[in-house]
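Input: a single structure, listed below in structure tokens.
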Amino acid sequence: MKLSKKQFATALLALFTTCGAMAQMPAEPPMPAPADYFLFPIKPGERNYLSGTMGEIRSNHFHGGLDIKTDQREGLNVYAAADGYISRVKQSTYGYGNIIYVTHPNGLVTTYAHLQSFYKPLADHMLQKQYERQTFELELFPEPGQFPVKRGDVIGLSGNTGGSGGPHLHFEIRDKEDRLYNPLRYTFKEVIDTTPPDIYSIGISPLNIHARVNNEFSRAELRTTKVGSNYTLPDTVYAHGLVGLELQTIDRLDGATNKNGTQEVTLFVNGEQVYTHYIDRVPFELSRQVSQHINYNQYRKRGSTFQKAFVDHGNDLPLYQTNDQDGRLRVQPDQVYQVKLVARDSYNNASTLSFVLKGQKPTFTQTKSATVKKPAISGYEIIGNVLKISAADTSSTPQNIELFVGGQDLMLVPSYVRNSVSVSLYDLRAGLPDSMRFCGLKTSFGLEQMVPPAQDFQHRNEYLQLSFDKQSLYDTLYLQTSLENGVYTIGDYFTPLHKAIKVTLKADTTGLDKSKAAVYFLGTGRGRGFTGGKWEGNTITFTTRNMGKFKVMEDTKAPTIRLLSKSSKGISFKISDDLSGLNSYNAWVNGQWLLMKYEHKQATIWSEKLDKNVPLSGEVVLKVKDNAGNEAVYKTTI
């Protein structure tokens, strides 16, 4: 929720009388049910441990609930947290795996994921429907009176199915609008936490062309120093203009070493609360906006999670209370700012980082390095709307950058020089530059289009066409594309997308079997992720939520099948594919369809009979297809 400045001040006056009092009061939204409404779903009444909590940052979403440890094994009883009925059930190879949704009389829904199995009436019903529809992957929505449950009923056994990285129960609390609530706001005595969060580092970024951090247009990342139970920075930080703060913090629970999410972060400047986020009530459909809640670039490049202490463009998550600057700081020259960041967990344990930020007017400064022997264009990067150009400069008087924009020749004066590298800045909103020249050296930028957010937009060149949905981008995109050695580059891997974009590639189809060819996402390493696509002539069209490198590749190799075991009780195989990935698998015994369950982490499939009393006997045929349509067939006899 965002408040106006007047509303924010009124609320603060009513709730708090001092900065210290504010630091003791979390900005929690109302609870949707009494504190003792839910039973803990694993070993209720006993000490439990968590490997994950609500609000942890994952690659493309907030972690939506609790990961409850199950003694490093499968098969623990899973209990219904409250009275209700099973309203949804799903079996899947990926994601939540085997999951049960229970709807309660107050409209809240609890979920129980990665289960090994369902309780017998539900398991029998699912098995019957799987045979009727001849599929393992199945999702059902039972009627309210079909599978009623009481608080404390065993509804399944804990497991490790789907995208689970080890045995545990994933437990969520949602409302009817699919908003995810923090389960630890309910008084589960099974979990003990007296440990405050850890604060590792702070990031400070300039947010427009006039801003500086320590007299540079560059993000500064500073390690904290722990003093008693609180944290500080070893030195004063100097800044100017509009800047944003980011915090790297994790939480730990008693008796466990897991790095969990920190529920709340609050920013005070000179005693005034200017920003708070409280990770609760996360709308499921907005969970991908985690990429704007964090510094996505740093997360992708280094795997480090810095949560912003300001609300960035395109972030619609209802997690925030801010001032009229959305938490951004406007630093004035010679002003001193006492900055305090408070990180708080679900059990109200808090840690505080305090430091001094001093306003410093930008001045031109120059330092030299003996290692720089000749002029060179070091490189450039786009930060927000700013093009930052770095060039090795050996002259005593720094040389200007010659910028070519729409037929005009502009001269950029360096803003500063560090170790004989001059830094020049240009606001891209003034027009996209074609190229630049420095000391006789010339380079092109390849900037093709300024793509605005919040509107439908199309871009076309000789080798591709892009269609952006109005919800694809969070902020303005300065688009660069290329085609080199069959690799299409669209933007870069470090730019997040909210909604998918539609891409059409013009491909060289000489000697290509299009029935076996598709688009693959290359990422940053040696991975090749099947993306697919539909051919029309020599073009292929697909949708993607990733920016980066793509390639049309041909898969002509069928999946591999290896028999693991067979008997009258059942049969199992190991199946795999080396490029496009598995698409389908079906087995028959004497022409009758046989359910095969699949666990992708072990690449195994195994049979489950509809009638356990009837032995498997006769000819078994297994057919496995990959995403390119290649098929492998295995025949044996039991």
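The values are calculated or read from the model by the stated rules, or taken from the named source; none is laboratory data. Since the model is a prediction, treat every value here as computed from it, not as a measurement. In this analysis, Cβ positions are derived from the backbone assuming ideal geometry, glycine residues included, and neighbour counts consider all displayed protein chains. Side chains are part of the model used for accessible areas, which takes the heavy atoms of the whole protein and leaves out ligands, DNA and RNA. Shrake-Rupley method; radii C 1.70, N 1.55, O 1.52, S 1.80 Å.
Points worth noting:
- Alpha-carbon centroid distance for the pair region 50-115 / region 581-638, whole angstrom: 29
- Solvent accessible area, Å² - Tyr200, 1.4 Å probe, full protein context: 60
- Overall, the chain carries a charge dipole of about 880 debye about its Cα centre when +1 sits on the Cβ of Lys and Arg and -1 on the Cβ of Asp and Glu, all other atoms neutral.
- Acute angle (nearest 10 degrees) that the helix 5-15 long axis makes with the longest principal axis of the chain, alpha-carbon atoms: 70
- Checking (1) 226; (2) 339; (3) 194 against the coordinates, the calculated volume of the Cα convex hull per residue in Å³ falls under label (3).
- Under 29 Å of direct C-alpha separation, and excluding same-chain neighbours fewer than eight residues apart, Lys566 reaches these lysines: Lys90, Lys120, Lys129, Lys557, Lys574, Lys597, Lys601, Lys609, Lys612, Lys623, Lys625, Lys635.
- Residues whose amide H falls under 5 Å from that of Ile294, counting only those 5 or more places apart or on a different chain, are Lys308, with hydrogens built in the peptide plane.
- Cα gyration tensor, region 256-315 - rounded (a/c under 1.5), prolate or oblate: rounded
- For Asp324 and Asp71, the FRET efficiency from 1/(1 + (r/R0)^6), where r spans their Cβ atoms and R0 equals 56 Å, is about 0.65.
- Order by protection proxy (mean Cβ within 10 Å, highest first), peptides 613-623, 382-392: 382-392, 613-623
- Between Asn485 and Glu132, the contour length at 0.36 nm per residue exceeds the Cα-Cα span by 122.2 nm.
- Pairs of C-alpha atoms in region 348-463 farther apart than 24 Å represent 42 percent of all such pairs.
- Cα centroid separation - region 352-396 against region 196-259, whole Å: 20
- Estimated Rh, region 264-423: Kirkwood, alpha-carbon pairs, angstrom: 19.3
- Quotient of the Cα radius of gyration of region 181-266 and 2.2 N^0.38 Å, N being its number of residues: 1.41.
- Length-normalised contact order of region 532-638 in % [C-alpha pairs under 8 Å, at least 6 apart]: 27
- Nearest-ten-degree value, helix 120-133 long axis tilted from longest Cα axis of the chain: 90
- Residue-averaged 222 nm ellipticity for the chain, from DSSP H runs of 4+ at -39500 (n - 2.57), nearest 500: -2000 deg cm²/dmol
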